[in-house]
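Each remark here refers to the structure printed beneath this line.
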Amino acid sequence: MSDIFNQFHQPIGMSLSDWRGAPFPEAQQITGRYCQLERINAARHAKGLYEAYCEASDFRDWTYLPVGPFETFDAFFVYLKKIEEQTDPMHFAVIDLASMKPVGTVALMRIDPSNGVIEVGHISYSPLMKRTRASTEVMSLVLKYVFEDLGYRRFEWKCDALNAPSREAAERFGFSFEGIFRQAIVTRGRNRDTAWYSIIDGEYPTLRPAYDMWLDEGNFDNQGRQIKRLAELMKRA
């Protein structure tokens, strides 16, 4: 509840008189310890990404995405050519720094600089990326870019309410569940209820140390298995 009141004794939100908006994201490359995000380029990324996605045994990873699956390389190439010029969504390829090969994609979208709100979406990780350190580092890199470099106030995650793995990932990454928008959209000829999650700027400073501790080399044993879970580290932060 707000404890700030106007001249009519009505509760109102805190003053943001110094807020001037946030800049539009322009990063072409964001580099971490295990992976690097590069703006999508069909000529550079299409072949490697298509090969990475073909590692999957079936098409289940595309069920809740608005595009795909792509049964031919030509169809996938056409799609990448289409999105490489877009700035909203702004698509990035995830490059595994150990192999220097693209292993997945992620996007910044619904970009609202005047209100300082941005969403992460179009997350498509190949089998080469799932359950790796890079899959967590991607979120750490994007969070740092959005909150520290750009100064946004709110970072959103939305997904099909039936997409249990996506919802579990949002909670693991520190997003707070905000509710279900019922019958939000029609996709692939079917109804979608949308689950909403967010992280706000006041929460980010408590999440950042947890990400740093989880990604540290000392948090992995000789077989590369995590010692401390991210959720456990977030509780301690």
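Couple of notes before you dig in:
To keep it simple, each residue is scored yes or no on (1) within 25 Å of residue 96 (Cα to Cα); (2) more than 11 Å from the chain's Cα centre (by Cα).
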{"site": "112", "(1), (2)": "no, yes"}
{"site": "124", "(1), (2)": "yes, no"}
{"site": "127", "(1), (2)": "yes, yes"}
{"site": "140", "(1), (2)": "yes, no"}
{"site": "145", "(1), (2)": "yes, yes"}
{"site": "151", "(1), (2)": "no, yes"}
{"site": "158", "(1), (2)": "no, no"}
{"site": "162", "(1), (2)": "no, yes"}
{"site": "168", "(1), (2)": "yes, yes"}
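- Members of segment 145-194 that are more than 30 Å from residue 29 (Cβ to Cβ), in a strand (DSSP E or B) and touching a residue at least 12 places away in the same chain (Cβ under 8 Å): 160, 177, 178, 179, 180, 181, 187, 192, 193, 194
- Residue 162 of a type in the set (A, V, I, L, M), open to solvent by 40 Å² or more (accessible area, probe 1.4 Å) and modelled with pLDDT of 95 or more: yes
- Total residues in segment 211-237, condition among the acidic types (Asp, Glu) and either open to solvent by less than 60 Å² (accessible area, probe 1.4 Å) or within 25 Å of residue 118 (Cβ to Cβ) (or both): 2
- Within segment 52-93, being farther than 24 Å from residue 119 by Cα and charged (D, E, K, R) holds for 55, 58, 71, 74.
- Residue list for segment 56-90, filter: without any contact (Cβ under 8 Å) to a residue 12 or more places away in the chain, open to solvent by 80 Å² or more (accessible area, probe 1.4 Å), in a loop (DSSP other than H, G, I, E, B) and not acidic (Asp, Glu): 57, 59
- Pair list, Cβ < 9 Å and 6+ apart or interchain, from segment 32-55 residues that are of a type in the set (Val, Ile, Thr) to residues that are surrounded by fewer than 19 Cβ atoms within 10 Å (Cβ to Cβ): 40/83; 40/84; 40/86
- Subset of segment 201-223 [in a helix (DSSP H, G or I) and over 15 Å from residue 134 (Cβ atoms)]: 204, 205, 206, 207, 208, 209, 210, 212, 213, 218
- Among the residues examined, residue 122 qualifies as on the phi > 0 side of the Ramachandran plot and either among the β-branched types (Val, Ile, Thr) or touching a His at 6+ places or on another chain (Cβ under 9 Å) (or both).
- Every pair of residues 6+ apart whose Cβ atoms lie under 9 Å, when the first sits in segment 224-237 and is part of a loop (DSSP other than H, G, I, E, B) and of a type outside the set (Val, Ile, Thr) while the second is open to solvent by less than 40 Å² (accessible area, probe 1.4 Å) and at pLDDT 95 or above: 228/214; 228/219; 229/214; 237/207; 237/210
- If you go through segment 34-55 and pick out every residue that is part of a loop (DSSP other than H, G, I, E, B) and open to solvent by 30 Å² or more (accessible area, probe 1.4 Å), you end up with 4.
- Scanning segment 179-210 for residues that are open to solvent by less than 30 Å² (accessible area, probe 1.4 Å) and farther than 20 Å from residue 165 by Cα, we see that the one that is farthest from the chain's Cα centre (by Cα) is 210.
- Residue list for segment 91-144, filter: of a type in the set (A, V, I, L, M), touching a Cys at 6+ places or on another chain (Cβ under 7 Å) and outside any helix (DSSP H, G or I): 94, 95, 97
The values are calculated or read from the model by the stated rules, or taken from the named source; none is laboratory data. Not measured: the values here are computed from a predicted model. Quick reminder, even Gly has a Cβ in these numbers, built from the backbone with ideal geometry, and neighbours come from all protein chains shown. Each accessible area value is taken on the protein alone, full model and side chains, heavy atoms only, with ligands, DNA and RNA left out. Shrake-Rupley method; radii C 1.70, N 1.55, O 1.52, S 1.80 Å.
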